[in-house]
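Read the figures in this text as sums done on the coordinates, not as results from a lab. Please read all numbers here as calculations on a predicted model, not as lab measurements. Cβ coordinates were reconstructed from backbone atoms using ideal geometry, including for glycine residues, and neighbour counts include every protein chain displayed.
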Amino acid sequence: MSLSSGLYSYLIDQAAISALVDTRIYPAILPQEPTLPAITYQIDGLEDRFTLEAGQTGPVIGDVQIDAWGSSHKAAADLSALIVTALRNLKGDMGGVTVQGLFRDTQIDIYEPTVEAYRRSIAFTIWHTE
């Protein structure tokens, strides 16, 4: 299972999140004329740790960006709080991916005039096994 697939599966299975967004969880790009609230996510990079002698020596480190979209700043902030709560301190199974550690790195609020929506963009680092 890829990190992207595991993340999607995990988020869609969270009752509080799916109650708000239903299946509106998209890889990277929000559709044109979106129904809000919604979530987009993307893998910004994967890094393996390895040596020539032993091969891969530890977990894969994934940099992930998750955006919570809403028609108001409060709606985006409320959805992002549910995402952070669902992911905070997660260890073990995440939609078929084994997570050793998951850490929130940064968070920023943005208004997107092209879709007339607010988004809270959250960067996470996920240590996992592929």
State to the nearest 20 debye the size of the charge dipole of the chain about its Cα centre, where the only charges are +1 on K and R beta carbons and -1 on D and E beta carbons.
340 debye
Counting other C-beta atoms within 10 Å, and keeping those with at most 14, which DSSP coil trypsin sites (Lys or Arg not before Pro) do you find in the range 66-130?
88, 91
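Give, as a single signed number, the net charge of other residues whose beta carbon lies under 12 Å from the beta carbon of residue 123, with Lys and Arg counted +1 and Asp and Glu -1.
Values: positive: 104, 120; negative: 44, 63, 67, 105.
That works out to -2.
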What nm distance separates the two modelled labels at residue 112 and residue 129, each placed 7 Å from Cα along Cα→Cβ?
3.6 nm
Which whole-number percent of Cα pairs in the range 1-60 have a distance greater than 20 Å?
43 percent
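How big is D, in µm² s⁻¹, for the chain by Stokes-Einstein at 4 °C and 1.567 mPa s if Rh is the Kirkwood radius over C-alpha pairs? Numbers along the way, then the final one.
Values: Rh = 15.1 Å.
It comes out at roughly 86 µm²/s.
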So, over other residues within a Cβ distance under 13 Å of residue 99, counting Lys, Arg +1 and Asp, Glu -1, the net charge is 0
Quick check: pseudo-label points 7 Å beyond the Cα along Cα→Cβ at residue 44 and residue 5, how many nm apart are they?
2.5 nm
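Convert 37 °C to kelvin, take the viscosity as 0.692 mPa s, use the Kirkwood radius over C-alpha pairs of the range 58-99 as Rh, and evaluate the Stokes-Einstein diffusion coefficient in µm²/s, rounded to a whole number.
Values: Rh = 12.0 Å.
Answer from the Stokes-Einstein relation: 273 µm²/s.
At 222 nm, what helix-only mean residue ellipticity would the chain give, in deg cm²/dmol to the nearest 500, using -39500 (n - 2.57) for each DSSP H run of four or more? Mind showing how you got there, number by number?
Values: 3 runs with 32 residues, N = 130.
Taking each H run of at least 4 residues, the total per residue is -7500 deg cm²/dmol.
So what is the relative contact order for the chain, in percent, with contacts set as C-alpha pairs under 8 Å and at least six apart? Could you put the intermediate results ahead of the total?
On the way: 274 pairs, mean separation 33.8, N = 130.
26 percent.
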For the Cα atoms of the chain, what angle does the longest principal axis make with the long axis of helix 73-87, in degrees from 0 to 90, nearest 10?
20 degrees
